[in-house]
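S.K.: First the structure, which I've put down as structure tokens, then a few questions once you've had a look.
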Amino acid sequence: MAELQEPKYVSWNGELIPWKEATLQIDCEGVKRGLNVFEGLKGYWHDDGGFGLIQVKRHYERFRESARLLYVPFEWTFERYQESIFNLMKKLLIPEKDMWIRTTLFGVEGHWGIDTKADMVMTAFNQNKVMPGPINLGISNWQRSMDVSLPYRIKTGANYQVGRLARIEGRQKNCQEMVLLNRWGRVAEATGACILMVRKNKIITPPTYEGALESITVDIAAAIARSLGIEFERRPIDKTELLIADEIAICGTLAEIVPVKSIEGLPLNPEGAVLEAVRNRFFDIVRGRSSHPEVNISFVPLPKTV
Ligand code: PMP
């Protein structure tokens, strides 16, 4: 997970400004009502010295969709979006670390949806290059909201209040991540990632309508599974079915693909062959050791010295 860092620069409406100057007025809707939409993107160093960002176009599209669903105006072209990310990264990248980038639209003007104006803020954080180790996963008493309450499809800060509560609950049980169930008691997703489960050599994940974000990493996992000849199905998962899964992993841009070593205190094999095959291929692709037609990598134009 991202450590708390204070990078030197922040991109604000495309201009690079010092971290300390990147502040919001206390009465704006972005602060007062938590009006924001965001995306989290990840980039990796390749063995040949290039630096590649994963599925930037898809992140841009989901960002636009989140803004549309919250009636937050967002007019940027994809080219401007990507270029601004590149400009920030060129300032902050270091050879020893990968990078996680957060692009956020904060509501800075407007009232109850009248005359809403939003600023585009981009922050980027250094990330260790290590593959994440197996985790304990718990099942939360808190519930994923519904499409008609706080739609899970929108990537907005407000949606993470319940995830925060679930993580507080999880820490008491020594669980690094928690599963949120939906109102029918079936698996929705984790607090910051989706759930992949294996039963009888088939990978299963809940569809979005069960309460999950439209995950870009799940789509990558599905594409990898298809190319490895592993069956991949999107269908509802009962809580008890998750408890008897053969393998489980959490899956997301920041989380990547992390094996689960216990679910609700019940031991699981974190080295299950099915998810490990997908995971190994995932890291080969993001590190540029192999390519995949469904995984797009944008290379940051770097000066030769970085
Ligand atoms: N669900 C939630 C709540 C998340 O925050 C994330 C991380 N963005 C995901 C799922 C996984 O989505 P993605 O693979 O697009 O990062």
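The values are calculated or read from the model by the stated rules, or taken from the named source; none is laboratory data. Every value quoted in this text rests on a predicted model; they were computed, and no experiment measured them. All Cβ positions, even for glycine, are placed from backbone atoms using ideal geometry, and neighbour counts span all protein chains on display. Heads up: the accessible areas ignore ligands, DNA and RNA and are worked out on the full protein's heavy atoms, side chains in. Shrake-Rupley method; radii C 1.70, N 1.55, O 1.52, S 1.80 Å.
S.K.: Against the definition (open to solvent by 20 Å² or more (accessible area, probe 1.4 Å) and either over 23 Å from Gly40 (Cβ atoms) or within 14 Å of the ligand (Cβ to nearest atom) (or both)), how does Leu213 come out, yes or no?
M.R.: yes
S.K.: Which residue pairs have Cβ atoms closer than 6 Å, lie 6 or more positions apart in sequence or on different chains, and pair a first residue in the stretch 262-286 that is over 16 Å from Asn136 (Cβ atoms) with a second residue that is surrounded by fewer than 16 Cβ atoms within 10 Å (Cβ to Cβ)?
M.R.: Val274/Asn201; Ala277/Leu228; Asp284/Ser290
S.K.: So, one more: Would you mind telling me which numbered condition in (1) closer than 28 Å to Thr103 by Cα; (2) out of contact with any helix residue (DSSP H, G or I) (no Cβ under 7 Å at 6 or more places or on another chain); (3) at pLDDT 95 or above Ser149 fails?
M.R.: Unmet condition: (3).
S.K.: I'd like to know if the stretch 46-57 contains one or more residues that are charged (D, E, K, R) and open to solvent by less than 90 Å² (accessible area, probe 1.4 Å). I'd like the intermediate steps shown before the answer.
M.R.: Initially, the stretch 46-57 is screened for residues charged (D, E, K, R), giving 47-48, 57.
This time we only want the ones that are open to solvent by less than 90 Å² (accessible area, probe 1.4 Å), so: none.
Checked the stretch 46-57: no residue is charged (D, E, K, R) and open to solvent by less than 90 Å² (accessible area, probe 1.4 Å).
S.K.: Among the residues of the stretch 220-229, are any of a type in the set (Lys, Arg), open to solvent by 10 Å² or more (accessible area, probe 1.4 Å) and either under 20 Å from the mean Cα position of the chain (by Cα) or near the ligand (Cβ under 10 Å from one of its atoms) (or both)?
M.R.: Kept after step one, since they are of a type in the set (Lys, Arg), are these residues of the stretch 220-229: 226.
Remaining after also requiring open to solvent by 10 Å² or more (accessible area, probe 1.4 Å): 226.
Still in the running and either under 20 Å from the mean Cα position of the chain (by Cα) or near the ligand (Cβ under 10 Å from one of its atoms) (or both): none.
Within the stretch 220-229 (the criterion being of a type in the set (Lys, Arg), open to solvent by 10 Å² or more (accessible area, probe 1.4 Å) and either under 20 Å from the mean Cα position of the chain (by Cα) or near the ligand (Cβ under 10 Å from one of its atoms) (or both)), the answer is no, since none of the residues qualifies.
S.K.: Also: Give the stretch 134-148 a look and list any residue that's assigned to a strand (DSSP E or B) and of a type in the set (A, V, I, L, M, F, W, C), or say none. I'd like the intermediate steps shown before the answer.
M.R.: First pass over the stretch 134-148, keeping only residues assigned to a strand (DSSP E or B): 135-143.
Passing the criteria: Ile135, Leu137, Ile139, Trp142.
S.K.: Taking the stretch 183-208, which residues are surrounded by fewer than 24 Cβ atoms within 10 Å (Cβ to Cβ), farther than 22 Å from Gly229 by Cα, within 18 Å of the chain's Cα centre (by Cα) and more than 7 Å from the ligand (Cβ to nearest atom)?
M.R.: Thr208
S.K.: Also, I was wondering about something else. Can you give me the ranges of the helices (runs of 4 or more DSSP H) entirely in the stretch 1-117 with at least 2 residues that are under 19 Å from the mean Cα position of the chain (by Cα)?
M.R.: 56-69, 78-92
A quick yes/no check of all residues on (1) surrounded by fewer than 18 Cβ atoms within 10 Å (Cβ to Cβ); (2) on the phi > 0 side of the Ramachandran plot; (3) more than 16 Å from the ligand (Cβ to nearest atom):
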{"site": "Asn13", "(1), (2), (3)": "yes, yes, yes"}
{"site": "Gln25", "(1), (2), (3)": "yes, no, yes"}
{"site": "Gly30", "(1), (2), (3)": "no, no, yes"}
{"site": "His59", "(1), (2), (3)": "no, no, no"}
{"site": "Phe63", "(1), (2), (3)": "no, no, no"}
{"site": "Phe78", "(1), (2), (3)": "yes, no, yes"}
